[in-house]
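*Asks:* Submitted below is the structure of interest, expressed as structure tokens.
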Amino acid sequence: MSGLAGVTGSAASGIALVAAAPAAIATAAALHGLRDDPLLSTDERAARRKGRRAAIGGAGAGVGLALGLVHAAGIPGLGAAGITTGLKTLGFGTMLRGLTVVGGLPAAAAVGAAVVIYQHARRKRRHGAG
């Protein structure tokens, strides 16, 4: 845990950084993929705007969920024992796999939310329910 604490000041904020960094990259990719283009129709631009907002919300929710899972999976709390046991539980016995879950979950939530909301908004507008 001293490695995470050395970078961010505490082990809990280190776990948040591990969760937030991939989420930020995934959100940037979603924002780029759904960027605004004045040449597109008003409906398409509105669907993309909703997708961009969903990516940001999904990333935030994913980081919170990842921290909550670490907290709940092992010894309760975000101290050294709680983080260690939480990561081992999430990683099916190894902390490294647990860190992969913690990093991947927010990124998947950001992209997943963007895609689902964008597709829903496109379908809703295309079928006139809008």
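*Asks:* Can you find even one residue in region 36-47 that is among the polar types (S, T, N, Q) and in contact (Cβ under 8 Å) with a residue 60 or more places away in the chain?
*Replies:* no
*Asks:* Which of the residues belonging to region 35-45 are in a helix (DSSP H, G or I) and surrounded by fewer than 16 Cβ atoms within 10 Å (Cβ to Cβ)?
*Replies:* Residues of region 35-45 that are in a helix (DSSP H, G or I), as a first pass: 42-45.
Answer for region 35-45, where residues must be in a helix (DSSP H, G or I) and surrounded by fewer than 16 Cβ atoms within 10 Å (Cβ to Cβ): T42, D43, R45.
*Asks:* Moving on. Under the condition of being touching a residue at least 12 places away in the same chain (Cβ under 8 Å) and under 14 Å from the mean Cα position of the chain (by Cα), which residue from region 65-99 is surrounded by the most Cβ atoms within 10 Å (Cβ to Cβ)?
*Replies:* Checking each candidate, the answer is A66.
The rows are residues; the columns are (1) small (G, A, S); (2) in a helix (DSSP H, G or I); (3) farther than 24 Å from R125 by Cα; (4) touching a Leu at 6+ places or on another chain (Cβ under 6 Å).
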{"position": "I25", "(1), (2), (3), (4)": "no, yes, yes, no"}
{"position": "K50", "(1), (2), (3), (4)": "no, yes, no, no"}
{"position": "A59", "(1), (2), (3), (4)": "yes, yes, yes, no"}
{"position": "T89", "(1), (2), (3), (4)": "no, yes, yes, no"}
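*Asks:* Another question, if that's okay. Failed condition for H32, given (1) within 30 Å of G79 (Cβ to Cβ); (2) exposed (fewer than 14 other Cβ atoms within 10 Å of the Cβ), with all others met?
*Replies:* (1)
*Asks:* Looking for something under 19 Å from A11 (Cα atoms), among the aliphatic types (A, V, I, L, M) and out of contact with any Lys or Arg (no Cβ under 8 Å at 6 or more places or on another chain) - is there at least one such residue anywhere in region 83-94?
*Replies:* Among the residues of region 83-94, at least one is under 19 Å from A11 (Cα atoms), among the aliphatic types (A, V, I, L, M) and out of contact with any Lys or Arg (no Cβ under 8 Å at 6 or more places or on another chain), which makes the answer yes.
*Asks:* Which one is farthest from R49 (Cα to Cα), of the residues in region 100-118 that are without any contact (Cβ under 8 Å) to a residue 60 or more places away in the chain and of a type outside the set (V, I, T)?
*Replies:* G112
*Asks:* Go through (1) of a type in the set (G, A, S); (2) surrounded by 21 or more Cβ atoms within 10 Å (Cβ to Cβ); (3) not in a helix (DSSP H, G or I) and name the single condition A54 misses.
*Replies:* It fails just one condition, (3).
Quick note: the coordinates plus some simple rules give every number you see, no bench work behind them. Quick caveat: nothing in here was measured; it's all calculated off a predicted structure. Backbone-built Cβ (ideal geometry, glycine too); neighbour counts: all protein chains shown.
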